[in-house]
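Notes to accompany the following structure.
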Amino acid sequence: MNGPEIHVEFAPELHLFVPRARPTGAARAATDGVSTLGHVVESLGVPLTEVGTLLVDGREVPPGHVPTGGETVSVRPVERPQRVRGAPLRFLLDVHLGTLARRLRLLGVDTAYESTDLGDPALAALSAAEKRVMLSRDRGLLRRRELWAGAYVYSTRPDDQLREVLDRFRPELRPWTRCTACNGLLKEATKDEVADQLKGGTERSYDVFAKCLACGRAYWKGAHHEQLEAIVERALTESRRER
């Protein structure tokens, strides 16, 4: 774009997306009288999924506002907790967030995830079709117009990723109610109902089981239960503190 310039100021939370704006958090951008402010902000590096309020010379405007030269724009982050309207809060994660997906499912949060890479167009279409919030570290994916809703995952560490998502969206937690493998709902099961999945030691040592209604996978308090229990307890404690 070539034309008159606008002055764009980014909130500190958004500086990582705009290297050219460091260290002041401000950048200049040309206008062409056609491109929207949302397009300009994204061209500077910030996905609109991470933008809350847009202010032009102190007044709030929508992303569709067409800027004119000389305007001063303030780009603020999304408010937390972020409310997603229009459908129950559900998530869709890309192929790189498998551990986060399993942990969200462990907490009973409706989380779709495929271990194979579906590609950005298919993921965006699935987000729209099922009205799921797309979680990703892929900025290009989060810029796709067909997305229903999305959010950038800032951390690369699963513990921090989980904390980040729970803090941003505050989903209702119902631990131990979903299959960590397929996201299906769990129901209590007798030992006989899951006997074909039990080895000798497991069959002798455990009496309490659950089974996925979707894929049939059996669950019991096995060797890794203490580790999973710690994840659940930490999430519940932080959730109660935030509320």
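A compact table of results
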{"read-out": "Region 1-151 - percent of accessible surface contributed by carbon and sulfur, probe 1.4 Å", "value": "49"}
{"read-out": "Helix-only mean residue ellipticity at 222 nm for the chain, each DSSP H run of n ≥ 4 adding -39500 (n - 2.57), per residue, nearest 500", "value": "-8000 deg cm²/dmol"}
{"read-out": "For region 148-181 and region 75-122, distance of Cα centres in Å", "value": "7"}
{"read-out": "Solvent-accessible area per residue for the chain (1.4 angstrom probe, square angstrom)", "value": "53"}
{"read-out": "Ranked by how many other beta carbons lie within 10 Å on average, peptides 10-19, 229-238 from highest", "value": "10-19, 229-238"}
{"read-out": "Radius 9 Å from Cβ of residue 94, net charge of other residues (Lys, Arg +1; Asp, Glu -1)", "value": "-3"}
{"read-out": "Among 101, 112, 26: highest mean-square fluctuation, GNM of the chain, C-alpha pairs under 10 Å", "value": "26"}
{"read-out": "Test item: Cα-centred dipole of region 1-158, Lys/Arg +1 and Asp/Glu -1 on Cβ, debye", "value": "580"}
{"read-out": "Partners for residue 211 among aspartates and glutamates (Cα-Cα distance below 14 Å; same-chain residues under 8 apart left out)", "value": "188, 192, 193, 196"}
{"read-out": "Charge context of residue 149, other residues only, Cβ under 9 angstrom, K/R +1, D/E -1", "value": "+2"}
{"read-out": "Gaussian network model of the chain, springs between alpha carbon atoms under 10 Å - residue of 80, 170, 90 with greatest fluctuation", "value": "80"}
{"read-out": "Top of 201, 86, 98 by mean-square fluctuation, Gaussian network on the chain, Cα under 10 Å", "value": "201"}
{"read-out": "Size of charge dipole - region 100-167 - debye, nearest 20, with Cβ of Lys, Arg +1 and Asp, Glu -1, no other charges", "value": "80"}
{"read-out": "Farthest positive-ward along the chain dipole, Cα basis, beta-carbon charges - from 31, 186, 205", "value": "205"}
{"read-out": "20 Å reach of a label modelled at residue 233, 7 Å along Cα-to-Cβ, counting backbone N of region 150-189", "value": "159-160, 162-163, 173-177"}
{"read-out": "Estimated FRET transfer efficiency when R0 is 35 angstrom, pair residue 79-residue 196 (beta carbons, to 0.05)", "value": "0.10"}
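The values are calculated or read from the model by the stated rules, or taken from the named source; none is laboratory data. Everything numeric in this text was worked out from a predicted model, so none of it was measured. We place every Cβ from the backbone using ideal geometry, glycine too, and count neighbours over all the protein chains shown. Areas reflect the complete protein model, heavy atoms only, side chains present, ligands, DNA and RNA absent. Shrake-Rupley method; radii C 1.70, N 1.55, O 1.52, S 1.80 Å.
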